[in-house]
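Scroll down for the structure; my scribbles are underneath it.
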């Protein structure tokens, strides 16, 4: 698979404790991206953050391990495929944030 130089980056911000059909939502989203043939996806765990409710800061500290750390899923492909993907999964995300931005693809290589 090749990507044109002008791609897009989709970022989805959710909580670590969010679920879809009993599975962690971040895992389900990454697996959906793979199943739909997108170029690549990565889920990141944040160390501190807050979201739409702005009531609580979720943080990773030794004395108190948060069970709902922020998760960011980054997915790169062409904008059209990302728009279709987001439309397909949006109803499974009860709260969170999604952003899309242009991404200059410098290279996209797979192993042998």
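The values are calculated or read from the model by the stated rules, or taken from the named source; none is laboratory data. Small disclaimer: the values here were computed from a predicted structure and weren't measured. Here the Cβ is made from the backbone with ideal geometry for all residues, glycine too, and neighbour counts use every protein chain on show.
Please go through segment 95-112 and give me each residue that is in contact with a helix residue (DSSP H, G or I) (Cβ under 9 Å, 6 or more places away or on another chain) and either in a loop (DSSP other than H, G, I, E, B) or farther than 21 Å from residue 15 by Cα (or both), ordered by number.
Within segment 95-112, the first condition is being in contact with a helix residue (DSSP H, G or I) (Cβ under 9 Å, 6 or more places away or on another chain), and the residues that meet it are 96, 98, 100, 102.
Of everything in segment 95-112, those that are in contact with a helix residue (DSSP H, G or I) (Cβ under 9 Å, 6 or more places away or on another chain) and either in a loop (DSSP other than H, G, I, E, B) or farther than 21 Å from residue 15 by Cα (or both) turn out to be 96, 102.
Scanning segment 75-94 turns up no residue that is surrounded by 13 or more Cβ atoms within 10 Å (Cβ to Cβ), at pLDDT below 85 and assigned to a loop (DSSP other than H, G, I, E, B). Scanning segment 33-54 for residues that are touching a helix residue (DSSP H, G or I) at 6+ places or on another chain (Cβ under 6 Å) and over 17 Å from residue 80 (Cβ atoms) yields one hit, 43. Of everything listed in (1) loosely packed, with under 12 Cβ neighbours inside 10 Å; (2) at pLDDT below 90, the single unmet condition for residue 68 is (1).
Among residues that are modelled with pLDDT under 95 and closer than 14 Å to residue 96 by Cα, residue 4 is not included.
Can you tell me which residue among 12, 29 is part of a strand (DSSP E or B), touching a helix residue (DSSP H, G or I) at 6+ places or on another chain (Cβ under 9 Å) and either modelled with pLDDT of 95 or more or farther than 17 Å from residue 103 by Cβ (or both)?
Details: 29 fails: part of a strand (DSSP E or B).
So the residue among 12, 29 that is part of a strand (DSSP E or B), touching a helix residue (DSSP H, G or I) at 6+ places or on another chain (Cβ under 9 Å) and either modelled with pLDDT of 95 or more or farther than 17 Å from residue 103 by Cβ (or both) is 12.
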